[in-house]
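To keep things clear, I will list the structure first and then write my remarks on it.
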Amino acid sequence: MSLRFRVVNYLLFTNGVLVYYLLPYFFGVFSDEHQIGANQLSLLMSADMAGGALAALAARYWLSKWHWHGVFIPATIVAVAANVASIYATTATEFMVCRALAGLASGSLMAFAYACLGGAENADKEFSLALGVQTAVGALLLTFTPNLLERWGGDALFVILALLSLLPWLLLTSLPKQNPVKEAAEKQVGLPLSNIAALCSIMIYMTALTAIWVVAEQVAGDLGFSTKLIGLALSASLLFSFLGAVAPALVLEKVGRFQLITFSYSALALALLLVEQSAVPLLFAVGLCLYNFFYSFTMPMQMAWFSAFDASGRTVVLVSLAQGVGASLGPSLGVYLFSHYGATAVFVCCFMLLILSFGLIYTANKAHPDQAK
């Protein structure tokens, strides 16, 4: 895999979910700057992820049939246009349309990365490094976002997303014109119940963790932490997210995949407890750092687990679908519970969802124990 090929795939993988990292600030922009009510806000916070989930579902059918450059170019144009249009939107409906289109476009572009990285010889390593790049860019965004918002307002976020959407175009020639892996390479046809259980586990996992992330800034604010301290805690936690993302590439040869996933779920439960119970800034930051480390630690292994079923990318792209559905439900769930019942209800609900998610991935692992190695 050449350096240019890696870079374009890492960029596509990164751009597909950058909005997720900015959700805590989008919450403030839409509610404070644009005065959007709680009910509309809960739907708006999920619009990007819903578009991405729809794109992932569609990609399962066109990845091995359509000309890749013929999809890449219009999808990039839509991604840029939707982010620019968000600057001029004023109502909740206009924002929802713009954000859903942006998510649809970026999700379509992200499908290329899933197919290419999933077909690599060492998919665990490639997904781990790609997620590391993604979290590093997310950390940089969170570091500078408070200053950007203070100086230019929420429109600055849309401008940044539009510019980042253009970057992969510079390396378009490095992307294959057709899927390099043919349909015949699939190891199995259809989806067995164990795979569906694993996808549901990933969906629930993303629902729980995005519900926490979207209200993190509000929880810290209610605890009386300063804006600068909150921004520092969020960006510092993403440094740990970067470390968690690259860690599987270093330790998977020594420890089995499922053992690492089990440990990760346990650590996430502890992190949620720390964040929810912390009235001290240091403990809140520690909990948030643990949360981001193990959140990212699990994801490359989930992706690699599915890539082993189909080198063409048509199966592993369903991970993006499951993540997208979960990331669509999570913000709505988090905003609703926080607005109506407070922070404790968010954490209790997410703790229960993590238990359910682990039960499903445990069931899937029993059916395919070879995939956990």
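Just a few scattered comments:
- Pairs where the first residue, in region 136-148, is touching a residue at least 12 places away in the same chain (Cβ under 8 Å) and the second is open to solvent by 30 Å² or more (accessible area, probe 1.4 Å), C-beta under 6 Å, 6+ apart: Ala136/Phe242; Ala139/Leu239
- One residue from Ile77, Ile160 being open to solvent by 60 Å² or more (accessible area, probe 1.4 Å) and not aromatic (Phe, Trp, Tyr): Ile77
- A single entry from Leu288, Leu270, Leu321, Leu274 fulfils the requirement of being at pLDDT 80 or above and more than 20 Å from Met45 (Cα to Cα): Leu270.
- The selection criterion, being open to solvent by 20 Å² or more (accessible area, probe 1.4 Å), hydroxyl-bearing (Ser, Thr, Tyr) and under 26 Å from Ala211 (Cβ atoms), holds for Thr93.
- Unmet requirement for His67, which otherwise passes all of (1) in contact with a Gly (Cβ under 9 Å, 6 or more places away or on another chain); (2) open to solvent by 10 Å² or more (accessible area, probe 1.4 Å); (3) farther than 22 Å from Asp124 by Cα: (1)
- Of residues in region 114-169 being small (Gly, Ala, Ser) and outside any helix (DSSP H, G or I), the one farthest from Tyr61 (Cα to Cα): Gly153
- The set of residues in region 330-363 being at pLDDT below 85, under 21 Å from Tyr21 (Cβ atoms), touching a Ser or Thr at 6+ places or on another chain (Cβ under 8 Å) and open to solvent by 20 Å² or more (accessible area, probe 1.4 Å) consists of Ser332 alone.
- Only one of the numbered conditions (1) of a type in the set (D, E, K, R); (2) open to solvent by less than 50 Å² (accessible area, probe 1.4 Å); (3) more than 19 Å from the chain's Cα centre (by Cα) is not met by Arg60, and that is (3).
- Cβ pairs under 7 Å, 6+ apart, first in region 91-109 and closer than 17 Å to Gln323 by Cα and modelled with pLDDT of 90 or more, second aromatic (Phe, Trp, Tyr) and open to solvent by 20 Å² or more (accessible area, probe 1.4 Å): none
- The residue that is nearest to Tyr114 (Cα to Cα), among those in region 17-40 that are part of a loop (DSSP other than H, G, I, E, B) and open to solvent by 20 Å² or more (accessible area, probe 1.4 Å), is Val17.
- The single residue among Leu43, Leu12 that is open to solvent by 10 Å² or more (accessible area, probe 1.4 Å) and either in a loop (DSSP other than H, G, I, E, B) or of a type outside the set (Ser, Thr, Tyr) (or both) turns out to be Leu43.
The values are calculated or read from the model by the stated rules, or taken from the named source; none is laboratory data. What you see is a predicted model; the values in this text were computed from it and never measured. Backbone-built Cβ (ideal geometry, glycine too); neighbour counts: all protein chains shown. Side chains are part of the model used for accessible areas, which takes the heavy atoms of the whole protein and leaves out ligands, DNA and RNA. Shrake-Rupley method; radii C 1.70, N 1.55, O 1.52, S 1.80 Å.
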